[in-house]
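The structure under discussion appears below in the form of structure tokens.
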Amino acid sequence: MSQRRTERHWKRRDARCRRAAVESAASSPNPNWLCSPTRPRSTSQLSAALAVQPLLQTVDRVQQLVADLRETLNRNVVAKERSEQEWDRAQVDKEKCERQPAADKASGSQ
């Protein structure tokens, strides 16, 4: 009798673990990880793998944020360089305009 009880206990426990793993896999970014060759073999490995999932998602999110920040920084650098070039052109145009009336006066007074 106790052997049957023990067998039922383990069957129920295995079923609970499988359900939890399936639920977790369904919400994970890679739902096929349970079928992969590196899938955890024991319940403690499975528990550890499930505990790591939120951390992995956080790492992925941080990596995406870093990539977005790099892209924004690159865009800002390009915009700054463009702005500096426009400023330089405006300064050259201003100097030309300031020199032009002086040249007109010099040619008109002669």
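Out of Asp104, Asp88, one residue alone is at pLDDT below 75 and surrounded by 10 or more Cβ atoms within 10 Å (Cβ to Cβ). It is Asp104. In the set Glu23, Glu71, only one residue is surrounded by 10 or more Cβ atoms within 10 Å (Cβ to Cβ), among the charged types (D, E, K, R), modelled with pLDDT of 75 or more and part of a helix (DSSP H, G or I); that residue is Glu71.
The values are calculated or read from the model by the stated rules, or taken from the named source; none is laboratory data. Everything numeric here is computed off the predicted structure, so don't read it as measured data. With ideal geometry, Cβ positions are generated from the backbone for all residues, glycine too; neighbour counts draw on all protein chains shown.
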